[in-house]
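Notes for the one structure printed next.
Please treat every number below as a calculation from the coordinates, not as lab data. All values derive from a computational prediction rather than experimental measurement. Counting neighbours? That spans all protein chains shown, and the Cβs are built from the backbone with ideal geometry, glycine included.
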Amino acid sequence: MEQVNNGDVLILAIESSCDETAAAVVKNGREVLSNVIYTQIALHTQYGGVVPEIASRKHIEKINQVIEEALAQAKVTLQDITAVAVTYGPGLVGALLVGVSEAKAISFATGLPLVGVHHISGHISANYIEHKDLEPPFVCLVASGGHSHLVVVKDYGEYEIIGRTRDDAAGEAFDKVARAIGLGYPGGPKIDKLSKEGNPDAIPFPRAKVAENEYDFSFSGLKSAVLNYLNSCQMKGEEVNRADVAASFQKAVIDVLVEHSLHAVKKFGYNKFAIAGGVASNSSLRAAFEQECAKRKIEFYHPSPALCTDNAAMIGAAGYYEYVKGVRHGYDLNAVPNLKLGE
């Protein structure tokens, strides 16, 4: 029996694709009634990155508490919920399985409809929460630890990927360079902070272009250039200015992301552009897009930093539009670690 309360659709959303255990209650796709996140960053920092087995175990420990807290903060019970939405890919398979199993259990126990959500669709949908006026079509850059996608958002839940990374994702490059210059994990926020003290033009790191596709990204050459620079300094006995390295590396990443993204906006004839994903919380990236979009008279949308990193509110927003379209999943829903956008 599907419930709709006063015409409102309340989605209980669950996200556990990596190292955040998150649950949220979202009303009508855009209003967040609660958004609870238990982060495991402190736990994984000592290992220099996410350890999948530890992440899965911690999700199991925390998921019931996080869901109970989300319902309590929203001042609702499961009787008030219309449907359960959950991330089923992409991500770490063990971590995803915890959220998917939990969502299936709730759906089975209550009879609530089950809606599986693509993690990247969630990141894109974070913009709908922040910007109530934003509607497709528009171009969106999704940049995170695992993904660098340039996407044409044709309609709610309807995407065309026009560019993607050929190797390292932008966030992955940030983490690896941060480790190389001794900043530790997580790399993105630490490089963002340190680069404010450095000269972004101090070291001429390369900006890669991919010959076959003008919208694709490649960051492994840049990462190698940073490592070669550090090794060269070490061999010559020269002191490394870490702030200059961080600022110059960050500028190289930002230049490529901005150039490819705005080229796509122009080529596809849109005047709306959005960013999403963990790297979208980088202050220099946001400032660069603000400036370039203003120059070109393009409307620029971005979620607040709290909605850029993994959270369940974004899954609730994406889940709402899937639910309204009539998407329902059965109890055979499984975690798909390499799920492609649009599948």
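One table, with the values for the structure above:
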{"quantity": "Cα centroid of the stretch 212-236 to Cα centroid of the stretch 313-337, whole Å", "calculated": "38"}
{"quantity": "The chain: C-alpha gyration tensor shape, a/c 1.5 cut-off, then a/b vs b/c", "calculated": "prolate"}
{"quantity": "Counting DSSP beta bridges with both ends in the chain, the antiparallel % (nearest 5)", "calculated": "60"}
{"quantity": "For the chain, built as a Gaussian network whose Cα springs stay under 10 Å, the top-fluctuating residue of Ile254, Ile129, Ile54", "calculated": "Ile54"}
{"quantity": "Order by protection proxy (mean Cβ within 10 Å, highest first), peptides 174-183, 14-23", "calculated": "14-23, 174-183"}
{"quantity": "Percent RCO, i.e. relative contact order, over the chain, from Cα pairs under 8 Å lying at least 6 residues apart", "calculated": "25"}
{"quantity": "Among 191-197, 228-234, the order from most to least packed when residues are scored by Cβ within 10 Å on average", "calculated": "191-197, 228-234"}
{"quantity": "Value of D in µm² per second that Stokes-Einstein yields for the stretch 1-91, Kirkwood Rh from Cα pairs, at 10 °C (1.306 mPa s)", "calculated": "114"}
{"quantity": "Ranking of Leu114, Leu341 by count of other Cβ atoms within 10 Å, fewest first", "calculated": "Leu341, Leu114"}
{"quantity": "The stretch 1-74 versus the stretch 242-262: alpha-carbon centroid distance in Å", "calculated": "32"}
{"quantity": "Lysines with Cα under 22 Å of Lys62, excluding same-chain neighbours fewer than 8 positions away", "calculated": "Lys75, Lys104"}
{"quantity": "Cα-projected label distance for Ile161 with Asn199, points at 7 Å along beta-carbon direction, nm", "calculated": "4.0"}
{"quantity": "Dimensions in Å of the stretch 136-302 - Rg and Dmax from alpha carbons", "calculated": "16.0, 55"}
{"quantity": "Residue-averaged 222 nm ellipticity for the chain, from DSSP H runs of 4+ at -39500 (n - 2.57), nearest 500", "calculated": "-14000 deg cm²/dmol"}
{"quantity": "Under Karplus coefficients 6.51, -1.76 and 1.60, residue-wise ³J(HN,Hα) of the stretch 133-140 in Hz, glycine/proline x", "calculated": "8, 6, 9, x, x, 7, 9, 10"}
{"quantity": "Inter-site label distance for Glu239 and Asn338 at 7 Å from Cα along Cβ, in nm", "calculated": "4.8"}
{"quantity": "Cβ-Cβ FRET estimate between Asn64 and Ala287, R0 fixed at 35 Å, reported to 0.05", "calculated": "0.30"}
{"quantity": "Links that overshoot a 19 Å alpha carbon limit, given the list Lys154/Lys325; Lys190/Lys340; Lys154/Lys272", "calculated": "Lys190/Lys340"}
{"quantity": "Proxy reagent accessibility, fewest Cβ within 10 Å first, across Met314, Met235", "calculated": "Met235, Met314"}
{"quantity": "Within a Gaussian network of the chain (alpha carbon springs, distance under 10 Å), most fluctuating of Gly49, Gly187, Gly269", "calculated": "Gly269"}
